[in-house]
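Trainee: Quick one: the structure is below, and I'll ask about it shortly.
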Amino acid sequence: MEDSSKTIEMINSRFSLVVFFSAILLFLLSCGEKSIEKSKELEAASIDSSKSTIVDVSGELFSIPSPIQTALLIKNSKAEYRPEWLADADNYSEYETNTQKAMNLGVFGTDMAYSSLYENGQRALAYFKALDNLAKDLGVRSAISPELIERLGANAENADSLVYLTGRFYEEGDAYLKKNERYDIASLIILGGWVESSHLTAQSALEGNQEAQNRLAQQKKSSSTLVKVLEKTTDSKFKKGELYQVMDSIAVAYASVQVSYSFEKPETDPSKKLTVLKSQTDYQVSDSLLQSIAALLASARAKISEK
Amino acid sequence: MKNLLLVLSFVIAASSQLLAQCDSTASYAQEFMDDNFIPDGQSYRALIFDDQLAEFETTFFGKSKYRIAAYTGMEEEQLIFSLYDEENNLLYSNEKHQNSPYWDFEVESTLNVRLEARLDKTKQSSGCAVILIGFEK
């Protein structure tokens, strides 16, 4: 996997413009008559098809598991609702920079889903209002369908609908930001959501919630992916800031989580369009490491929420 | 110089068209992500050509069910997507299932996966690939 990441990075950094323009030209050719032969110039400019390459809209594709899924795990583990762990929705008006707004857009969405899952509709609605205002400030809201916004506001007390709609909200916002090459903002929203959901998981883990402990350890891959994403940010102020350093420290701490993996052949049922992935992964994390990760996450969360 | 400007104008117009195509493709892909699956909140879109791969890594959590919808262009079954584990074992490919535009995955134990998507060259030589991931509540 590391090799493929390096390949993508290399292509993105050195050849992306050439590849992009040549690829566009190839696309145009394909739209025309197939019988038209490529000119020698185009052939020279075309990419080496023997290599696995990627030309994408957003620079590099990456994926961070949904913070809503983590909120669901906490709820399903029978842990109690802990409003004192959550961010203060009233703070939204005090965030001035786009960096603050983007990160807290991620935080508030996570807290909205978490509160709704615990049937605290009033609190979920407060987070929705904060989220809606931050989305407006960042110029994202206009890209979200009005019907979706309306349904979100109306379903604050209906957890089933709200978690689905929240996922759609972030997906539409993410697509809009990447289409408009606002990758930094898209990444910061994801960062805020990941830190908040991991912080909630860590707090629950510290209280002895075994499922939360396991989930916290399973975020190892995400922590390193996030750092790679943040490395690409063009926001030099952010990169010089303490939060950036803390995120790096989190990934370093996660490197000590021991993982053992054993492959098992998957089982596929074509009639159900379903594959059961049967491989097994075991994560080992000591109590002291868990406490270190939890402390770092608390620090990251505090920095994100700073006014 | 004149020719260069002409080509650049052409390229700019074409890239706008491609980006617009991404939105249409995304709405087709969305049709396969029914309400039982909560979107993961991210947009995975890539312009791919010929043999190129769009790929990314993610974590699938244990005791969860995921749906992956993958689409390119305006018609079904033009995009091949495959899932690999960290040891590069092939876990699934829709190529063996008529390039099915979606597939569900039940995950017994958390695992890191790599998702690769490429065009079915017999049907398409370029396009915007859209991948959606949802998880069941």
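Trainee: Express in % the proportion of alpha carbon pairs of segment B:82-137 at distances exceeding 12 Å. Walk me through the numbers on the way to the answer.
Mentor: Working: 1122 of 1540 pairs.
The proportion of pairs with Cα distances above 12 Å equals 73 percent.
Trainee: To one decimal place, what Kirkwood hydrodynamic radius in Å is obtained for segment B:2-136 from all pairs of distinct Cα atoms?
Mentor: On the way: mean 1/r = 0.0639 Å⁻¹.
Evaluated on segment B:2-136, it is 15.6 Å.
Trainee: Once both labels are modelled 7 Å past Cα along the beta-carbon direction, what's the B:Ser9-B:Asp35 spacing in nm?
Mentor: Result: 4.9 nm between the two label points.
Trainee: Going by how many other beta carbons lie within 10 Å of each one, how would you line up A:His199, B:His97, fewest first?
Mentor: On the way: A:His199 25, B:His97 14.
Final ranking by Cβ density, sparse to dense: B:His97, A:His199.
Trainee: Using 0.36 nm per residue, how much length does the chain from A:Ser262 to A:Asp90 gain when fully extended, once their Cα-Cα distance is taken away? All intermediate terms of the calculation are to be shown ahead of the outcome.
Mentor: Details: separation 172, 0.36 × 172 = 61.92 nm, distance 4.70 nm.
Using 0.36 nm per residue and subtracting the Cα-Cα distance, I get 57.2 nm.
Trainee: So for A:Tyr127, A:Tyr283, fewest C-beta neighbours within 10 Å to most, what's the order?
Mentor: Values: A:Tyr127 26, A:Tyr283 19.
Result, fewest neighbours first: A:Tyr283, A:Tyr127.
Trainee: Take the alpha-carbon positions of segment A:161-307, form their convex hull, and give its projected area averaged over all directions (one quarter of the hull surface) in nm².
Mentor: Mean shadow area of the hull around the Cα atoms is 11.7 nm².
Trainee: Between their Cα atoms, which of A:Lys101/A:Lys178; A:Lys136/A:Lys303; A:Lys278/A:Lys303; A:Lys179/A:Lys265 are more than 29 Å away from each other?
Mentor: Numbers: A:Lys101/A:Lys178 17 Å; A:Lys136/A:Lys303 23 Å; A:Lys278/A:Lys303 39 Å; A:Lys179/A:Lys265 38 Å.
Exceeds cut-off: A:Lys278/A:Lys303; A:Lys179/A:Lys265.
Trainee: Within 10 Å of each residue's Cβ, count the other Cβ atoms and sort A:Phe169, B:Phe60, B:Phe105, A:Phe238 from fewest upward. Could the numbers behind the result be given before it?
Mentor: Working: A:Phe169 28, B:Phe60 25, B:Phe105 22, A:Phe238 18.
Least to most surrounded, the residues fall as A:Phe238, B:Phe105, B:Phe60, A:Phe169.
Trainee: Show log10 I(q)/I(0) for segment A:78-226 at q = 0.10, 0.12, 0.14 Å⁻¹, two decimals, from a solvent-free Debye sum over equal Cα scatterers.
Mentor: -0.33, -0.48, -0.66
Trainee: Taking 0.36 nm per intervening residue step and subtracting the Cα-Cα distance, what contour gain separates A:Leu148 from A:Ala295 on full extension? Please report the intermediate quantities before stating the final value.
Mentor: Numbers: separation 147, 0.36 × 147 = 52.92 nm, distance 3.64 nm.
Length gained between A:Leu148 and A:Ala295: 49.3 nm.
Trainee: Just to be sure I understand the model, the point goes 7 Å from the Cα along the line to the Cβ. What's the resulting B:Lys96 to A:Asn180 distance in nm?
Mentor: 4.4 nm
Bear in mind that the values in this text are calculations on the coordinates, not laboratory data. Keep in mind that this is a model prediction, so the values were computed, not measured. We place every Cβ from the backbone using ideal geometry, glycine too, and count neighbours over all the protein chains shown.
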